[in-house]
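A short worksheet on the structure shown next.
The values are calculated or read from the model by the stated rules, or taken from the named source; none is laboratory data. The structure presented is a predicted model; accordingly, all values stated were derived computationally and were not measured. Counting neighbours? That spans all protein chains shown, and the Cβs are built from the backbone with ideal geometry, glycine included. Accessible surface areas use protein heavy atoms only, side chains included; no ligands, DNA or RNA. Shrake-Rupley method; radii C 1.70, N 1.55, O 1.52, S 1.80 Å.
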Amino acid sequence: MTSDANVFEDLKSDINPYTNSTHEHVVGLAIQSGHNGGINHSSRELKLFKVSEKQPFQLILDNFMTDFHAAIRPAYECEDAESTLLKRHLVLFTSKTQGMQDIKFNEQLIRNSIPGPKHISLKSIKKAKSDHKISSSTVLI
């Protein structure tokens with residue numbers, strides 16, 4: 001499947017346990033897509049479904065981005081190269097809200113910048129290789 005903006009790459013069931021309850025069943029579906037050209041990027045989005053006898057598949061989390069990578073490849077050798085990487089990991093709580101187990105996600109964002117040849121010196125290469133990392137946690141209710 002192709003659109004002007006993205007290329008569909010992958011659709012997989014996510015086998016991670018999204019509930020600790022023996023009475024609830026939650027399954028994940030992961031969608032991988034990307035785009036090459038200009039700013040190259042790829043992303044992985046997760047959908048979570050609650051499965052029960054009354055309602056076979058109830059969507060409980062939609063389009064949650066778990067992974068994202070973007071990179072700008074220099075068009076000319078004198079330009080800088082940049083990349084961004086986002087990783088999110090879901091963590092289950094024992095507490096519940098509206099009958100569903102609470103989930104927290106931990107997020108890590110890494111940005112890299114490598115100077116183009118017009119800026120190159122041994123000092124700038126060492127500096128450019130250091131990653132800029134930001135980590136945070138958020139609770140989904």
At a probe size of 1.4 Å, how large is the accessible area of ILE15, to the nearest 10 Å²?
-> 150 Å²
Once label points are set 7 Å from the Cα along Cα→Cβ at both THR22 and PHE68, what is their separation, rounded to one decimal in nm?
-> 4.0 nm
How would ARG73, ARG111 rank on accessible area, largest to smallest, probe 1.4 Å?
-> ARG73, ARG111
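When only DSSP loop residues count, what trypsin sites (Lys or Arg not before Pro) in the range 17-109 have their Cβ near at most 15 other Cβ atoms within 10 Å?
Details: sites: ARG44, LYS47, LYS50, LYS54, LYS87, ARG88, LYS96, LYS104; in loops: LYS54.
Those that pass, being in a loop and sparsely packed, are LYS54.
Mind ranking SER83, SER95 by accessible surface for me, highest first, 1.4 Å probe?
SER95, SER83
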Applying 1/(1 + (r/R0)^6) with R0 = 25 Å to the Cβ-Cβ distance of ASN36 and LEU59, what FRET efficiency is obtained, to the nearest 0.05?
-> 0.25
Solvent-accessible ranking of GLU24, GLU45, GLU53, largest area first, probe 1.4 Å = GLU53, GLU45, GLU24
